[in-house]
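Notes follow the structure.
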Amino acid sequence: MRGQTLLGSIVRGMRPSEAFARVRSLSALFFRRSAACLLCGVPFAADDDHPLGDLFCGRCREDVPAPAPPLCAHCGRSMHDPRLRELAPGPARGTPGDGRAALGHRGAPPGPPSPTPGAGDGLCADCRRWRADARHGNALALNRSAVTLTATVRELLHRYKYGRELGLFRPLSRLLILAYLHHFAHDSFDAVTFVPMPPARERARGFNPAEALARALGRASGLPVRALLVRPDDGKRQASLGRAARLRRAETLYASRDDGRPPGTRVLLVDDVYTTGSTLHACAAALRRAGWAEVCGLTVVRA
């Protein structure tokens with residue numbers, strides 16, 4: 001009864017809508033918000049100290065990790081990735097660089113700009129092979145990704161891209177924006193662009209995931225988003241091909257597009273996943289041929 005009397009004194013004389021708003025604001029002071037996890041559907045108490053704390057439960061958040069430092073100075077993969085042992089004998093060398101987790105708690109400083117990759121220490125064995133490619137191995141200055149591929153991340157991407165669960169765009173775009181703030185907050189770009197899809201496939205799906213991510217980043221950063229690349233219809237998906245086939249095929253897939261404005265100096269190229277690097281390197285080569293001086297990559301996932 002005491003609580004009812006106190007509450008009555010607080011809302012007395014207010015219109016119903018005003019009273020409801022006051023009660024809702026007061027309840028927020030004493031109770032944590034609860035929600036259903038977007039991935040597993042289990043109800044959970046929101047964690048305001050975690051960037052994904054209002055979207056995923058604690059268990060699912062644990063399986064959406066940033067690449068573990070140290071990172072490759074070029075592609076952004078963890079230098080502890082066990083697959084690197086298959087590419088070169090002995091342990092891969094790396095430098096801590098900007099290897100802090102991209103998903104730090106709120107209030108963590110964004111840190112310095114990402115290091116400029118060089119030919120030697122700091123590169124994974126895979127990127128040393130890219131650097132030896134005279135055709136377009138040096139077209140992409142560097143790439144950074146928000147999270148590494150896990151079973152949960154794979155499910156998240158698949159449900160969004162192929163299952164049309166568009167509500168999952170919220171965590172994906174938030175991850176991309178957090179990675180941008182962490183890795184490129186001190187950098188300057190003239191524009192953001194994105195990896196294009198074949199027109200027929202984009203019409204069938206109804207949207208281009210990379211473009212949607214790029215436009216979300218543009219809104220958050222204030223950078224202009226420009227459609228600078230095209231890809232013809234060719235009937236095959238890059239994701240269905242092996243590494244060697246992806247590398248060969250990507251060379252001829254992408255071309256620059258004249259959007260009526262002159263190229264700038266630096267452009268940020270957005271995609272959902274960096275796998276072999278063939279797509280981003282081929283797109284970067286096309287952008288460099290069009291007159292852009294430097295192309296950096298930003299993806300949600302480093303596979």
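The values are calculated or read from the model by the stated rules, or taken from the named source; none is laboratory data. Remember, it's a predicted structure, so these values are computed and weren't measured experimentally. Every residue, glycine among them, receives a Cβ derived from its backbone with ideal geometry; neighbour counts consider all protein chains shown.
Points to keep in mind about this one:
- Yes/no for residue 230 being closer than 12 Å to residue 195 by Cβ, β-branched (Val, Ile, Thr), at pLDDT 70 or above and in the same structural domain as residue 286 (by TED's automatic domain parsing): yes
- Looking across the range 147-169, the residues that are assigned to a loop (DSSP other than H, G, I, E, B) and farther than 26 Å from residue 78 by Cβ come down to 162, 163, 164, 165.
- Count of the range 78-91 residues, restricted to those that are more than 25 Å from the chain's Cα centre (by Cα) and either surrounded by 14 or more Cβ atoms within 10 Å (Cβ to Cβ) or at pLDDT 90 or above (or both), is 2.
- Scanning the range 264-291 for residues that are more than 17 Å from the chain's Cα centre (by Cα), without any contact (Cβ under 8 Å) to a residue 40 or more places away in the chain and in a loop (DSSP other than H, G, I, E, B) yields a single hit, 291.
- Given (1) at pLDDT 85 or above; (2) surrounded by 17 or more Cβ atoms within 10 Å (Cβ to Cβ); (3) over 30 Å from residue 57 (Cα atoms), number of the condition residue 129 does not satisfy: (2)
- Test result for residue 179, surrounded by fewer than 19 Cβ atoms within 10 Å (Cβ to Cβ) and either of a type outside the set (Phe, Trp, Tyr) or under 22 Å from residue 284 (Cα atoms) (or both): no
Yes or no, residue by residue, for (1) outside any helix (DSSP H, G or I); (2) acidic (Asp, Glu); (3) over 15 Å from residue 267 (Cβ atoms); (4) touching a strand residue (DSSP E or B) at 6+ places or on another chain (Cβ under 6 Å):
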site: 192; (1), (2), (3), (4): yes, no, no, yes
site: 197; (1), (2), (3), (4): yes, no, yes, no
site: 210; (1), (2), (3), (4): no, no, no, yes
site: 214; (1), (2), (3), (4): no, no, no, yes
site: 220; (1), (2), (3), (4): no, no, yes, no
site: 227; (1), (2), (3), (4): yes, no, no, no
